1. How large is the accessible surface of TYR10 in square angstrom, using a 1.4 angstrom probe and rounding to the nearest 10?
2. Which percent, nearest 5, of DSSP beta bridges in the chain are antiparallel?
3. So what is the calculated 222 nm ellipticity per residue for the chain, using -39500 (n - 2.57) for each DSSP H run with n of 4 or more, over all residues, to the nearest 500 deg cm²/dmol?
4. Report the one residue of VAL116, THR20, ILE92 whose Cα lies farthest in the direction of the positive end of the charge dipole of region 1-144 (charges on C-beta: Lys and Arg +1, Asp and Glu -1; origin at the Cα centre).
5. Want the number for ASP56 to ASP82: 0.36 nm per residue separation, take away the alpha-carbon distance, what's left?
6. (i) 1.11; (ii) 1.04; (iii) 1.08: which one is Rg/Rh (Cα atoms, Kirkwood Rh) as calculated from this entry?
7. Using a 1.4 Å probe, how large is the accessible area of ARG204, given in Å² and rounded to the nearest 10?
8. Probe radius 1.4 Å, ligands and nucleic acids left out: which of MET173, MET3, MET189, MET110 has the largest accessible area, and how do the rest follow?
Amino acid sequence: TGMIFDIQSYSVHDGPGCRTNVFFTGCPLKCRWCANPESWRPKLQFMFADRVCKWDQGCKACRDACPHGSIQFDENGKPSVDWKICNDCETIECTTSCAAGALKQTVRIMTVSDLVNTLRRDYNNWGSDGGVTFTGEPLLHHEYLDAVLKECKKLSMHTAIETSGYATEEVFMKIFRRLDFAFVDVKNMDPEAHKWGTGVSNERILNN
């Protein structure tokens, strides 16, 4: 199984033609400018949209569903979330209790066949140049990705990847041998600037 943060259809900026983007969750880099820091941790997690919450109508379903007491309501009835507790939660029952959708699970656990069947849904929309692009940091999930790529090849799907390149040479070469197209996003050529901006050295990336 793989941990999928999001799937977006009809993308035209992430490889040739019209594509479906598959975003993996988890990243070994912690870029200061990251557009999706909520996807850094490779585990189940959720987001809270307080503007959607129906607390003003007296709803407290999430508090009652949470076994850890991380959701509390103040004297006015407005909720707050103790993220220190939530960050260690493995079950996130609260997301299934929220009828308004204020609590949203951001990671889906998908089998290889689950993901491939989702991609087959979009297959006829890609045209002759399109395909699937795996993004987020796919190399972090290389065993699952390798299995998915094998199935994509059987179906003649054009495959691409967007990656920082931060992986062992063995993992890097195993995945790249199965790809049709790749973006390798080198954040900075300067070692010190790279470490300041991302939290890791760029040596492994440049070697790959």
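The values are calculated or read from the model by the stated rules, or taken from the named source; none is laboratory data. Everything quoted here is computed from the prediction, not taken from an experiment. Note that each Cβ is placed from the backbone with ideal geometry, even for glycine, and that neighbours are counted across all protein chains shown. Quick note on the areas: whole protein, heavy atoms, side chains included, nothing else; ligands and nucleic acids left out. Shrake-Rupley method; radii C 1.70, N 1.55, O 1.52, S 1.80 Å.
1. Surface accessible to solvent at TYR10 totals approximately 140 Å².
2. 55
3. Numbers: 8 runs with 58 residues, N = 208.
Helices in the chain give a 222 nm mean residue ellipticity of -7000 deg cm²/dmol.
4. Positive-most Cα among the choices belongs to THR20.
5. Working: separation 26, 0.36 × 26 = 9.36 nm, distance 1.98 nm.
Using 0.36 nm per residue and subtracting the Cα-Cα distance, I get 7.4 nm.
6. Matching the structure shown: (ii).
7. About 100 Å², ignoring ligands and nucleic acids.
8. Ranked list, largest accessible area first: MET189, MET173, MET3, MET110.
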